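Presented below is the structure to which this report refers.
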Amino acid sequence: MSVSNDAKFKLYEEKCNQLLKESEIRFAGIVDKDGKLVAGGFKENITPYEGDETRLQSFLKFVSKASIRKEYDESLGPINYLAARRNKAVLVSFPFPITQMLLLISAEPTANIENLANKVVKIFSDVN
């Protein structure tokens, strides 16, 4: 891994930690194109729901495929984020097309997805 990647992953870790300070966020992680978690994770003192990590991995596979699709980019613009509201959690992913990374967030089911997206954009505005 190059020094620039180390610095980028450190920045990702800092940004994920900033997100984890938000009360409704349970998990914030950066995942590479191979599905490997490179920064972030579950909030301290949070007990993952049974199968949380498996569900996050399944969601990651889904959003990875959807994020790579470019068929509507020309007419509608690129994907800003993908969200799924479940009974026990809200799952949101934000693709970083240049680096081919994804920010994956799991939040409490009461989380407002638009407010969450605005917080993410604010925190990650200087990251590509």
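The values are calculated or read from the model by the stated rules, or taken from the named source; none is laboratory data. These numbers were taken from a predicted model, which means no experiment stands behind them. Methodologically, a virtual Cβ is constructed for each residue, glycine included, from the backbone with ideal geometry; neighbour enumeration extends over all protein chains shown.
Among the residues making up the range 83-112, those that are surrounded by fewer than 16 Cβ atoms within 10 Å (Cβ to Cβ) and among the aliphatic types (A, V, I, L, M) are Ala84, Ile98. Within the range 51-81, the set of residues being among the β-branched types (Val, Ile, Thr), modelled with pLDDT under 70 and either outside any helix (DSSP H, G or I) or touching a Leu at 6+ places or on another chain (Cβ under 9 Å) (or both) comprises Val63 only. For Glu14, the criteria (1) over 13 Å from Val120 (Cβ atoms); (2) under 12 Å from the mean Cα position of the chain (by Cα) hold in every case but one, which is (2). In the range 24-41, the qualifying residues are those that are more than 12 Å from the chain's Cα centre (by Cα) and free of Cβ contacts under 8 Å to residues at least 12 places away in the same chain, and the one that is farthest from Asn115 (Cα to Cα) is Asp34. Quick check on my filter: what residues within the range 96-128 are modelled with pLDDT of 85 or more, of a type outside the set (A, V, I, L, M) and under 21 Å from Lys61 (Cβ atoms)? Ser106, the sole residue that qualifies.
Among the residues making up the range 82-128, those that are closer than 17 Å to Lys33 by Cα and in a strand (DSSP E or B) are Leu82, Val92, Ser93, Phe94, Pro95, Phe96, Met101, Leu102, Leu103, Leu104, Ile105.
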